[in-house]
Amino acid sequence: MRTLAIVLGGVGAGGLVALLALGGSRTLAQTTQPAADSVRAPVLGDTASLKGPRQPIFFRHDIHAGQFKMQCQYCHYSVAVSAEPGIPSLQTCMGCHLAIAGTDSSAKNEIKKLRQAWNDRRPVEWVRVHTLARHAHFPHQRHIKALGPNACTTCHGDVTRMPQVFRVNNINNMGFCITCHLERKVSRDCSVCHY
Ligand code: HEC
Ligand code: HEC
Ligand code: HEC
Ligand code: HEC
Ligand code: HEC
């Protein structure tokens, strides 16, 4: 079970400070001032040319996971324990966005859409970027256990730099799976992946 405790500090030049304690095990400090060693997400003029499918709300990984260094597992909460990594509920977003309205007009517009969905109790219908055919099965937890919690890049590329998620590897090509299984001496029995 996850518990989410949020302490919102003063809003001002110093930035809004939100302290999130997650499951009692990890603490994540967020400010509107990015951490000194983080990369500032770019201001985007033209979003139409971005790779990957357009999402109903312009949620930016480069801002959340890049600039503000939020852990992947804060949102993809079941990636280490289940086949499915998990997609965050609106409640997870609103823990911050009840208070954070956005600075520039693009951010304000997109966060307005998010708050509208929350008020309407309507889940956001994110467009899936990676999907395997029904006959193939991919267990995230087995891979995270073997390859480590930061292995996401191996298959998904550097998501912390992506304003919009796109496919870096062709996961629908069986060769992508087999090449690594061969290198790492993992089973290549058909029935491991196809059932
Ligand atoms: C604040 C919450 C949040 C954080 C933190 C976060 N994500 Fe996400 N992620 C989402 C949401 C919401 C979506 C669905 C919308 C989209 O694709 O942008 C998503 C989608 C994705 C997808 C595409 C899923 C698909 O449909 O195939 C990948 C891959 C992904 N995230 C990887 C990561 C990685 C890797 C990290 C850490 C570096 C991370 N995410 C951090 C919320 C988050
Ligand atoms: C830990 C706090 C936190 C959480 C949780 C969080 N956000 Fe954010 N989000 C931020 C901050 C900080 C910004 C930057 C706001 C600014 O300065 O404009 C931001 C910006 C945004 C923006 C504006 C992006 C742009 O175009 O500039 C959107 C849209 C957004 N978040 C959606 C979401 C969604 C959807 C979720 C849940 C999946 C989520 N956020 C979860 C802190 C958070
Ligand atoms: C070995 C390759 C690999 C690694 C490592 C990996 N993924 Fe994935 N990911 C996939 C594949 C393949 C799919 C499509 C699965 C399917 O359709 O059943 C996927 C799908 C996803 C999705 C979409 C799920 C959905 O329900 O919409 C998210 C989110 C995601 N991965 C996040 C992550 C995160 C976060 C990490 C790191 C903690 C990670 N993945 C590590 C291969 C990988
Ligand atoms: C970067 C390397 C890598 C890639 C790419 C990769 N895997 Fe794996 N996979 C592993 C490792 C390592 C294990 C062993 C985990 C363990 O020992 O539990 C594993 C285990 C598995 C298992 C469990 C095997 C068992 O014996 O029960 C399945 C199923 C699986 N992978 C499917 C896939 C599929 C489907 C893809 C492609 C979409 C894929 N893998 C891509 C490294 C990879
Ligand atoms: C490590 C996981 C893995 C193993 C082992 C594996 N496959 Fe696959 N296979 C996949 C993935 C992933 C796909 C692509 C599914 C998709 O289209 O999304 C695939 C696709 C296929 C397809 C459809 C090809 C096509 O062009 O659409 C066939 C047929 C197939 N596999 C047969 C086999 C046979 C036979 C074996 C054993 C010799 C085997 N696979 C072993 C993961 C695996």
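Cβ separations smaller than 6 Å between residues 6+ apart or across chains give the following pairs from segment 135-151 residues that are within 18 Å of ARG188 (Cα to Cα) and hydrophobic (A, V, I, L, M, F, W, C) to residues that are part of a helix (DSSP H, G or I) and away from ligand 2 (no atom under 16 Å from the Cβ): ALA136/CYS193.
Just the residues that are within 16 Å of ligand 2 (Cβ to nearest atom) and loosely packed, with under 10 Cβ neighbours inside 10 Å, please, taken from segment 126-149. First the steps, then the outcome.
The initial filter retains those residues of segment 126-149 that are within 16 Å of ligand 2 (Cβ to nearest atom), namely 126-129.
The one that is within 16 Å of ligand 2 (Cβ to nearest atom) and loosely packed, with under 10 Cβ neighbours inside 10 Å: ARG128.
Here segment 105-125 is the region considered, the condition is being within 28 Å of VAL168 (Cβ to Cβ) and in contact (Cβ under 8 Å) with a residue 60 or more places away in the chain, and the residue that is surrounded by the fewest Cβ atoms within 10 Å (Cβ to Cβ) is GLU125.
Every read-out reported here was derived from the displayed coordinates using simple, explicitly stated rules and does not represent laboratory data. Please read these numbers as outputs of a predicted model, since none were measured by experiment. Virtual Cβ from ideal backbone geometry, glycine too; neighbours counted across all protein chains shown.
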